[in-house]
Amino acid sequence: MAIPKINPTTTTAWKNLESHFKTIQDVHMKTWFAQDQKRADKFTISWEDFYVDFSKNRITQETFKYLLQLTDEVRLKEAMQAYFNGETINETEKRAVLHTALRASKGAHIEVDGENIMPEVFSVKEKIKHFSHDIISGAKKGYTNKAFTDVVNIGIGGSDLGPAMVVDSLQFYKNHLTTHFVSNIDGDHVNEVIKKLNPETTLFVIVSKTFTTQETLSNATTIKEWFLQSATQEDISKHFIAVSTNIEKVKDFGVDETNIFPMWNWVGGRFSLWSAVGLTISLAIGNSNFENLLLGAHKMDEHFKTEKFETNIPVVLALISVWYNNFFNAESEAIIPYSQYLNQFATYLQQGVMESNGKSVDRNGNPIDYQTGAIIWGEPGSNSQHAFFQLIHQGTKLIPADFIGFAKSLHDNKEHQDKLMSNFFAQTEALLNGKDKSQVLEEGTEETLTPFKVFEGNKPTNTIFINQLTPESLGKLIAMYEHKIFVQGIIWNIYSYDQFGVELGKQLAGKILKELKNNTFTNHDNSTLNLLKHYKNLT
C-alpha cells in the first residue's frame, strides 16, 4: 500500500488556514492569555514524565481545529498505519521505514516482504548484549591480553551523529570505557584521535552499511595502518568490529565474521542508532541503559500510534511547525535544551530534519510551490542566551523555538538547577510578553534610549519539560522528533526517507580526486578551475 499523495494546498483545511491566518497574523499572544485564563491548560499535554506546554504559540482553538482538519484531509492516520506496518513508504528507494521495529516489544510481529523481521532483530540485540558485556567486563581482551580501555566509532552521518549524540547526552551513565568518534575525512581529525590511543587496549567499531563510504573506509584504513605498526594482521580480528551489510568486503578488511553486526535496508542511516549502529552506545553506557533508551523510544512510538491527534505530542508539534513554516514563512527553528549534556542534540536533529524534509519535489514527482523543511539550529541554555538570543528577542526574523528542560539535575546540585531553570522559565516568558515603552520608561531609561530597549514579544515557543534526563527519557525525546519529521513529510506530500541530494557532491568529489592525482582538470566552471589550480600550487 502506497502512502497518500495529496497536495496540502488543495485541501479545504489549507484554504481555511490561509483565510484564518489573515485574521490573526498581527494579534499578540498576550491578548489571548488575557482573554482566557485557562489557555495554558487547553494547550498543554501531560504524558508519562513529559509535560509539553504549547500555549505560547500564535494559535487559537480555531487554528488548532483547522490544523487537525488538515491531518484528516492528507490522510495522516492511513499513512501512519503504512509506516508502522512495514509498507514500502520509501517508494523512491523501494524500502520500508522500520526503525520503530528496532525498539518494538519481543512479542511484536512485523513483516517486510512477507517475512517477520522481529526474530532477527532480537537475535542481533542478543549479540549486542553479550558482546558489550564481554568487552565491559574484560572477558574479551586485546592482542596482548589486556582489557580494553577505549572504543573508537568510525562512521559518518547517521553512523556517527546518533551514537555520538547519545553517548555525549548520557555521559552521566558511562562506564570506564573512553569513547571516541572519527567521522570527518579530514586527516587531522583521525590523527588527533589516534595520538590519544594505545593500540593494545583500543576497540574499533567500523559502521558502514555498504562498506564503501569514502570517509569511513579512508579513516578505517588509516587506523588499521597505524594499528599494524605494533600488531600483526591476525590481531585485527581482536580489535576491529564492523556494522555492515557487505560481509565479503568486511572480511576482506580483516574483520572476523563473528564480529560483524548486520544492518537492514529498511533502516535509514539517520534513524539507525537503535540498531547495531548503536553498538558503541551499548559499550559506553552498558547494555541495560541501551535497552532503556530503546524502551523510551518504544513508549513514544505507542503514544504516537494510539493517542488521538489533539493530544498526540509529535502530531501537535509537527502541526505547529507547519503553521509557522507555511503561513508565517518562518524558515528556521531553534532547539534550546537547558542541559549541557544535550549540547549535540541540535546538531543531531539537523540531519534528521533537514536530510529528511529538505525536498522540492512532491510524491507525484511534481515541483513544489510551497515551503518544505526547516533549518534546524541551536545550542544549550543558558550559553545560548549569551550568543544568539539577541536576534530571537529583537531581530527581524520569526524563529519558533523548542525549549527542552529537566526538573531534576543528575548531580543533585539544587542551587545550580534552580538558577538554570529560572532562566529556562524566564526566557519563554520574556519571548511571550516582551517589554513595552512604558515599562522601559518606568525603569528610568532616558527617552532617547527607549526604542533600543523595547521588546516586541509575541515570539513563539514550545516548552518540553521532562522529569529527569535518563536513557528512557532521551529515547522518548529522540523518537518524538522522528515522528514529528514523519508527520511533516506526510503533510508536505514529500518522501522523507530518501536523500538523493547528498549524492551529487560525492560524485563530483570522486571525479576531482582523480583529477588531482593526474594533475589534469576538465569540464569545470572558471571559479572551480581556478580554485583547483591554486590548491595544486600550494600543495
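Worth a mention:
- The length gained by stretching the chain between Arg75 and Val361 to full extension, at 0.36 nm per residue less their Cα-Cα distance, is 101.0 nm.
- Fewest-first sequence of Met421, Met263 by Cβ atoms within 10 Å of each Cβ: Met421, Met263
- Helices meeting the span-like rule in the chain (full DSSP H runs, Cα extent of at least 27 Å along the helix axis, mean Kyte-Doolittle score of -1.0 or higher): 118-137, 287-306, 414-433, 471-492.
- Per-residue Karplus couplings for segment 342-347, computed as 6.51 cos²θ - 1.76 cosθ + 1.60 with θ equal to phi - 60°, are listed in order as 8, 6, 9, 5, 5, 4 Hz, Gly and Pro entered as x.
- The chain: calculated mean residue ellipticity at 222 nm from DSSP helix runs of at least 4, using -39500 (n - 2.57): -14000 deg cm²/dmol
- Were the residues from Leu531 through Asn191 laid out at 0.36 nm apart, the gain over their Cα-Cα distance would be 119.8 nm.
- The residues neighbouring Lys299, those whose beta-carbon lies less than 12 Å from its own, together hold a net charge of -3 under the Lys/Arg +1, Asp/Glu -1 convention.
- Under 13 Å from the Cα of Lys129 - aspartates and glutamates, other chains or at least 8 residues apart: Glu291
- Centroid-to-centroid separation of segment 278-356 and segment 448-492 [C-alpha atoms, Å]: 10
- Amide H contacts for Ser332 (H built 1.01 Å from N in the peptide plane; partners 5 or more residues away or on another chain; cut-off under 5 Å): Ile375.
- HN-Hα J in Hz across segment 262-279 - Karplus 6.51, -1.76, 1.60, θ = phi - 60°, x for Gly and Pro: x, 10, 10, 6, 8, 10, x, x, 6, 10, 9, 4, 6, 9, 4, 4, x, 4
- Summed side-chain charge close to Asn357 - residues other than Asn357 whose Cβ falls under 15 Å, Lys, Arg +1, Asp, Glu -1: -2
- For the residue pairs Lys195/Lys517; Lys305/Lys359; Lys435/Lys459, the C-alpha atoms sit more than 18 angstrom apart in Lys195/Lys517; Lys305/Lys359.
- Checking the Cα-Cα distances for Lys5/Lys94; Lys125/Lys174; Lys453/Lys484 against a 26 Å cut-off, the pairs over it are Lys453/Lys484.
- With R₀ fixed at 30 Å, the C-beta to C-beta distance from Lys397 to Glu446 puts the FRET efficiency at about 0.60.
- Radius of gyration and Dmax over the Cα atoms of the chain, both given in Å: 25.1, 79
- Modelled FRET efficiency - R0 22 Å, Glu18 with Asp41, Cβ distances, 0.05 increments: 0.15
- Positive minus negative residues near Thr212 (Lys, Arg vs Asp, Glu; Cβ under 15 Å): 0
- Near the amide H of Val152, within less than 5 Å, lie the amide hydrogens of His180, Leu203, Phe204, Val205, all on another chain or at least 5 residues away, with H placed in the peptide plane.
- In this structure, the amide hydrogen of Arg95, modeled 1.01 Å from its nitrogen in the peptide plane, lies closer than 5 angstrom to those of Asn90, counting only residues at least 5 positions away or on a different chain.
- For segment 330-341, 3J(HN,Hα) computed residue by residue from phi via the Karplus equation (6.51, -1.76, 1.60; θ = phi - 60°) reads 6, 9, 9, 9, 9, 10, 10, x, 8, 7, 5, 4 Hz, glycine and proline entered as x.
- Each Lys and Arg adds +1 at its Cβ and each Asp and Glu adds -1 at its Cβ; summed about the Cα centre, the chain shows a dipole of about 300 debye.
- 10 Å Cβ shell holding at most 10 others, DSSP loop, GluC sites (Glu not before Pro): longest site-free stretch of the chain: 1-442
Quick note: the coordinates plus some simple rules give every number you see, no bench work behind them. As the structure is a prediction and not an experimental result, all values here were calculated from the model. Note that we place each Cβ from the backbone using ideal geometry, even for glycine, and neighbour counts take in every protein chain shown.
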